[in-house]
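*Asks:* One structure is given below, represented as structure tokens, and several questions about it will come after.
The values are calculated or read from the model by the stated rules, or taken from the named source; none is laboratory data. The structure presented is a predicted model; accordingly, all values stated were derived computationally and were not measured. Backbone-built Cβ (ideal geometry, glycine too); neighbour counts: all protein chains shown. Please note that ligands, DNA and RNA were not included when accessible areas were found on the heavy atoms of the full protein model with its side chains. Shrake-Rupley method; radii C 1.70, N 1.55, O 1.52, S 1.80 Å.
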Amino acid sequence: MKLSIDKSIPIPVYYQLKEQLSLQIRDEIYPVGSQLPTEKAISENLDISRGTVRQAFNGLVSEGKLHRIPGKGTFVSDTATS
């Protein structure tokens, strides 16, 4: 499943991204412990701002699906699928 954003619909872009990443975590496209692409890589790939990607990541961090390691990256938490 490739990430895609539809800017023409009334659903916020960060929410679209958060939901798609959540599904990819659930479907183990990103299994527990795996590293997600950087905010910069996702923002450039989808032509959206890094702040929008950060907002989506922060939502998933607060839900316990992701965790950050400073200087390393963003990873899927072991509580993501439970």
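*Asks:* Looking at the stretch 41-50, which of the residues that are open to solvent by 30 Å² or more (accessible area, probe 1.4 Å) and more than 12 Å from the chain's Cα centre (by Cα) is nearest to Leu3 (Cα to Cα)?
*Replies:* Filtering the stretch 41-50 for residues that are open to solvent by 30 Å² or more (accessible area, probe 1.4 Å) and more than 12 Å from the chain's Cα centre (by Cα), the one nearest to Leu3 (Cα to Cα) comes out as Asn45.
*Asks:* Would you mind finding the one in Ile9, Ile5, Ile69 that is open to solvent by 30 Å² or more (accessible area, probe 1.4 Å) and touching a Leu at 6+ places or on another chain (Cβ under 6 Å)?
*Replies:* From the options Ile9, Ile5, Ile69, the qualifying one is Ile5.
*Asks:* Which residues, counting only those in the stretch 5-57, are touching a strand residue (DSSP E or B) at 6+ places or on another chain (Cβ under 9 Å) and without any contact (Cβ under 8 Å) to a residue 12 or more places away in the chain?
*Replies:* The answer is Pro37, and nothing else.
*Asks:* If you don't mind, another one. Please work out if Lys18 is touching a Ser or Thr at 6+ places or on another chain (Cβ under 8 Å) and open to solvent by less than 70 Å² (accessible area, probe 1.4 Å).
*Replies:* No; evaluated as a whole, the condition is false for this residue.
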